[in-house]
Amino acid sequence: MDSPFKSDVLKGKVALLTGGGSGIGFELSAQFGKHGASVAIMGRRKQILDDAVSVLRSQGIQAIGLVGDVRKQEDAARVIESTIKHFGRLDILVNAAAGNFLVSPENLSPNGFKTVLDIDSVGTFTMCHEALKYLKEGGPGKGPSGGGLILNISATLHYTASWYQIHVSAAKAAVDSITRSLALEWGTDYDIRVNGIAPGPIGDTTGIRKLAPEEMKGDPRESMPLFKLGDKWDVAMAALYLASDAGKYVNGTTLIVDGGLWLSHPRFIPKEMVKDLSRVVEKKSRKAPTGVPTSKL
């Protein structure tokens, strides 16, 4: 699928992406690279990083892989410093590392709950904290996009409530709060924009295979306004918008990329039945004596 953005929209930028070796994170890495950025990808599994870097370089993208765990402050500092040493700067930090699995609250151990919060929310803050001194270099006037960008990958689970996702809902609620707080404080003090993206169900990802296995899938028309799963490309295009000068005045927002799914609920009355009921109500309203409230019909 062709990109709507110019191929050099991120020319000269350096992006570090946690969780950038697979899934949505890898698509972001690839699209950032295809649009001119140099990319460093961080993850815990060296083989996955090596394979990802090989693919990126085969596409002419300047890329390196750095092994590290976002839960460890020393790893965060080392990876960020290695990125600076290799590329000379850091313009964009994408926090895409995440943990998830289906589990009912009564079967979730406190340690399991803590693990997901440590990866998603504590890991996000840790990476932001360690990257600050590099992202703020240049500060106001550094360019149309300001002093740097942080992009946090969130979810929509906590906007209402989601079955078997109490741990991730709590973690992503914290991520959204981090996004808003840093946008306020670091936007004011350092001209750093901080935004998020909340993807819905994205096809061909580990997440969708774990959270919506084939045997659980029904007719998408029953629950999805656009009748389909999203693509990793959709999330990457949203990220490119926020990372480019097109999004230079967007700060502190989490952009939902889910086709409107978070707004939807299963129909409790078929559409044809609604039409019939509406006609009945209208007829009764016309026949009601003057002054008699229709609520009593």
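A short reminder: the numbers here are calculations on the coordinates, not readings from a lab. What you see is a predicted model; the values in this text were computed from it and never measured. Here Cβ is always computed from backbone atoms with ideal geometry, including for glycine, and neighbour counts include all displayed protein chains.
Observations on the model:
- Positive-pole candidate from S264, A174, A15, dipole of segment 14-266, charges at beta carbon: A15
- Rough spin-label spacing in nm, given labels placed 7 Å along Cα→Cβ, for E137 and V250: 2.7 nm
- Entries of K46/K248; K172/K248; K72/K172; K133/K172 with Cα pairs more than 30 Å apart: K46/K248
- Across segment 14-266 the C-alpha pair distances fall into 5 Å bins from zero in the proportions 1, 6, 14, 18, 20, 17, 12, 7, 3, 1, 0 percent.
- Take the Cβ atoms of E185 and K72, set R0 to 30 Å, and the FRET efficiency comes out at 0.80.
- Efficiency of FRET from Cβ geometry, R279 and L108, R₀ 51 Å, rounded to 0.05: 0.55
- Peptides 233-239, 81-87, 155-161, 6-12 ordered by average Cβ neighbours within 10 Å, highest first: 233-239, 155-161, 81-87, 6-12
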